[in-house]
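Quick one: the structure is below, and I'll ask about it shortly.
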Amino acid sequence: MKSFKNHLSLVVALLSILFSLQVFIIVDRAIEAYKENLAQNYSLVVVSQKRVNTKDLVRTIDLISDVEPLSAESVIKKLNAGISKKNMELLKLTIPKFYKLRLKRYPTPKELKKITKQLLSYASIKKVETFAATHDTTYKLLLLFKTVISVFAFSVFIVTMLLIFKELRIWQFKHNERMSIMGLFGAPTWLRSAVLFRLAIVDALIASALAFVIFTFLSSSEWVLEQFHNIGISVIVFDKGIDFVVMLGVAIVVSTLLATFIVLGHKEEV
């Protein structure tokens, strides 16, 4: 029971780091997926005095994926209030050309300004409607959300690192006498500190295994999948290959690194 309690605090601390790390990864994936969804539904409208070479636009401006000419008939129908057929045909000849531009991905405000500038460099293009107000608000909300999650994850990481460091310190004090005796008999530092590193590695493996079980469950949870479906995106909550390797690597590196700092500190005290 005592051994279980000794391991529990370190395992929980490592698990909280892994949990915050995976939550950040999920949020980052969700934001990227939402950007892709926005890119599919977001488009620019270009007004030109004459026909534009659509292939040239796609070739010249990298971010443009497709250019679709808009029919002038729909605009004319809205204006049709007893206009004669002759005048209707004349209006079709004089009305500007409209084009809808789809982008490969959701642009940043800076990229949007650059695209607008490039489009207006064409002599025939007189106006570019980017719906900048709506775009900027959406982009800033996405950026704010990601920043808040990043700050939260970083705060949890720092606090948990301090807790792990303190827990390993306690273990060092418990084995201080044994380590000192081994030092008197000429035992190298790594051998004196073996129990500390064994604790760090074992608890890192336990924390990684628990994180694997938790996120495997969450990745198949209907409630979690429904939340992403409600906002129209599909996100990989947990990649059992890549994500688990990252978790395991982070847990082992963090725990062994802190154990190393403690061992070096003990060496200075001796």
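Using the per-residue mean of other Cβ atoms lying within 10 Å as a proxy for protection, in what order, highest first, do the peptides 12-20, 31-39 fall?
Highest mean packing first, the order is 12-20, 31-39.
Further question on the same structure: Which order do the peptides 216-227, 153-164 come out in when sorted by mean C-beta neighbours inside 10 angstrom, highest first?
By packing density, highest mean first, the sequence is 153-164, 216-227.
With r as the distance between the Cβ atoms of Phe145 and Asp239 and R0 = 30 Å, compute the FRET efficiency 1/(1 + (r/R0)^6) and round to 0.05.
Efficiency, rounded to the nearest 0.05: 0.85.
Given points 7 Å out from each Cα along the Cα-Cβ axis, report the Leu210 to Glu68 separation in nanometres with one decimal.
Each label point lies 7 Å from its Cα, and together they span 5.1 nm.
Give the long-range amide H neighbours of Tyr106: residues separated by 5 or more places, or on another chain, with amide H under 5 Å away, using H modelled in the peptide plane at 1.01 Å from N.
Ala39
Additional query: Given H placed on each backbone N at 1.01 Å, which residues far from Leu70 in sequence or on other chains put an amide H within less than 5 Å of it?
Phe98, Tyr99, Lys100
In addition: May I ask for the net charge around Thr116, where only other residues with Cβ less than 14 Å from the Cβ of Thr116 are counted and Lys, Arg are +1 while Asp, Glu are -1?
In short, +3.
Still on this structure, please answer the following. Given Lys114/Lys240; Lys140/Lys166; Lys104/Lys240; Lys104/Lys127, which pairs have Cα atoms separated by over 31 Å?
Among Lys114/Lys240; Lys140/Lys166; Lys104/Lys240; Lys104/Lys127, the Cα-Cα distance tops 31 Å for Lys114/Lys240; Lys140/Lys166.
If you stretched the chain out fully between Val23 and Val45, how much longer would it get, using 0.36 nm times the residue separation minus the C-alpha to C-alpha distance?
4.2 nm
Can I ask one more? Label-point separation (nm) for Lys114 and Met161, each offset 7 Å from Cα along Cα-to-Cβ?
Roughly 3.3 nm, to one decimal.
Each value in this text was obtained by applying a stated rule to the coordinates, not by laboratory testing. Please read all numbers here as calculations on a predicted model, not as lab measurements. Virtual Cβ from ideal backbone geometry, glycine too; neighbours counted across all protein chains shown.
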